[in-house]
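Everything on this sheet refers to the single structure shown next.
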Amino acid sequence: MKTKLIEQFNTVYGRTDGLTYFSPARVNLIGEHIDYNGGYVFPCALSFGTYGIIGTRQDNIVHVYSKGFSKTFYTFKLDELVKDKNSAWVDYIKGVLYVLSETHHDIATGFDLYIEGNMPEGAGLSSSASLEALLLVMLNDLFSLDLSTKELAMLGKAVENSFIGVNSGMMDQFAVLAGKKNYGILLNTATLDFEYMPLFFGNYQLLVINSHKKRGLTDSKYNERYQECQEALHILKPLYHKPDLCSLTLAELKASKNQLTDILYRRVRHCITEQARTIKSSIALKNHDIKGFAEILTASHQSLKNDYEVTGDELDILVSETLKAGAIGARMTGAGFGGCIISIIKKDQLNRIIDRVKKQYTDKVGYEPSFYAVHPSDGTHQI
Ligand code: GLA
């Protein structure tokens with residue numbers, strides 16, 4: 001891949017002196033919608049993602065070229081970081097430069113950048129975090145910014161929060177940056193302490209299934225959930241003096257039922273129970289209890305469906321058909337409202353289950369899902 005990237009760099013920019021990088025996609029195993037509520041999350045990086053090659057320039061101009069997105073140059077000046085709805089993917093590049101400038105990290109010159117991805121777009125596997133992390137690591141190296149993985153993850157989150165306008169947590173950026181082959185990352189989003197947990201599923205395979213449901217309203221619905229959680233915290237904080245929703249107990253929530261609307265009550269219940277499930281699932285994995293782990297995944301989906309209401313018909317059908325076909329656990333992953341589910345499937349039943357799910361889902365929804373047998377991989381790095 002390195003040679004191919006250098007060749008492309010030469011074709012597009014007439015130079016071969018770039019540094020080459022890879023930045024993965026991510027999938028979250030469990031701990032959904034609680035990274036902005038102080039909870040534990042359990043994602044891993046994947047083996048597909050975004051490749052890039054970069055070289056500095058003498059002036060203050062940034063040239064970007066993406067094989068996948070535009071097949072044409074996009075040019076802007078370092079001090080002209082204006083969002084462009086016609087080239088939304090470039091906003092992530094501008095966003096990285098914006099947060100670096102806001103935090104006084106000096107990017108002294110412009111650069112030529114070529115990127116090329118091999119991950120499914122719009123599938124909710126964090127193509128945006130993959131791109132943000134790619135550029136953050138490139139610029140950290142090129143301009144000797146000396147930023148740690150945690151600092152880079154927080155900057156990636158800041159791109160989403162203050163430039164793109166999504167109130168996301170830092171799970172995606174952290175997973176992409178800190179990923180490790182064969183390991184998941186059990187991350188405490190309140191402290192950013194984390195533990196690598198081996199993901200050896202034995203006779204089972206982690207299968208990601210793309211619903212291909214368009215995630216059109218994702219950002220606005222996502223921000224709506226964020227606001228609901230803020231509102232609930234505003235009511236509950238003075239009562240229990242807990243810093244975030246995931247620190248509350250179910251007993252405390254039940255005792256304050258009268259203070260909350262039904263919707264807010266269910267949102268908080270999801271946060272508290274998802275936090276418990278995430279911790280419990282990591283213990284099950286430690287004990288090599290794959291079935292126990294998989295059952296907790298399914299319970300997480302039910303909570304995201306009934307209490308947090310971020311699934312939708314397509315994801316619900318996909319989970320239920322995958323379970324009916326023989327998966328031992330399945331749940332939506334990521335922001336929801338479309339995108340992918342994950343499932344745990346016996347390796348020797350993989351083909352049979354894929355055939356069956358493909359048929360049942362297509363009959364019910366009208367278009368085919370896609371299947372990716374994925375493997376936990378390393379985080380963003382130079383190649
Ligand atoms: C998106 C966000 C993450 C996280 C998930 C839901 O992927 O970017 O920060 O909140 O949704 O768990």
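The values are calculated or read from the model by the stated rules, or taken from the named source; none is laboratory data. Please read these numbers as outputs of a predicted model, since none were measured by experiment. Glycine also receives a Cβ, built like all others from the backbone with ideal geometry; neighbour counts cover every protein chain displayed. Each accessible area value is taken on the protein alone, full model and side chains, heavy atoms only, with ligands, DNA and RNA left out. Shrake-Rupley method; radii C 1.70, N 1.55, O 1.52, S 1.80 Å.
Before moving on, here are some points about what is shown:
- Evaluating Lys242 against the criteria (1) in contact (Cβ under 8 Å) with a residue 12 or more places away in the chain; (2) not in a helix (DSSP H, G or I) leaves one unmet condition, (1).
- Tally, over the stretch 180-198, of residues that are open to solvent by 10 Å² or more (accessible area, probe 1.4 Å) and either under 15 Å from Val96 (Cα atoms) or of a type outside the set (S, T, N, Q) (or both): 11
- Residues that are open to solvent by 30 Å² or more (accessible area, probe 1.4 Å) and assigned to a strand (DSSP E or B), drawn from the stretch 310-354: Lys346
- Of note, Ala153 satisfies the criterion of being in contact with a Leu (Cβ under 6 Å, 6 or more places away or on another chain), touching a residue at least 12 places away in the same chain (Cβ under 8 Å), within 12 Å of the ligand (Cβ to nearest atom) and open to solvent by less than 40 Å² (accessible area, probe 1.4 Å).
- Beta carbons closer than 8 Å, at least 6 apart along the sequence or on distinct chains, pair a first residue in the stretch 332-350 that is farther than 8 Å from Leu315 by Cβ and away from the ligand (no atom under 16 Å from the Cβ) with a second that is in a strand (DSSP E or B) and among the hydroxyl-bearing types (Ser, Thr, Tyr) for Ile344/Tyr204; Ile345/Tyr204; Lys346/Tyr204; Lys347/Tyr204.
- Residues in the stretch 364-383 that are open to solvent by 10 Å² or more (accessible area, probe 1.4 Å) and within 13 Å of Ser211 (Cα to Cα): Lys364, Val365, Gly366, Tyr367, Glu368, Ser370, Phe371, Tyr372.
- Residue in the stretch 2-19 that is assigned to a strand (DSSP E or B), within 16 Å of the ligand (Cβ to nearest atom), more than 30 Å from Asp307 (Cα to Cα) and touching a residue at least 40 places away in the same chain (Cβ under 8 Å) present: no
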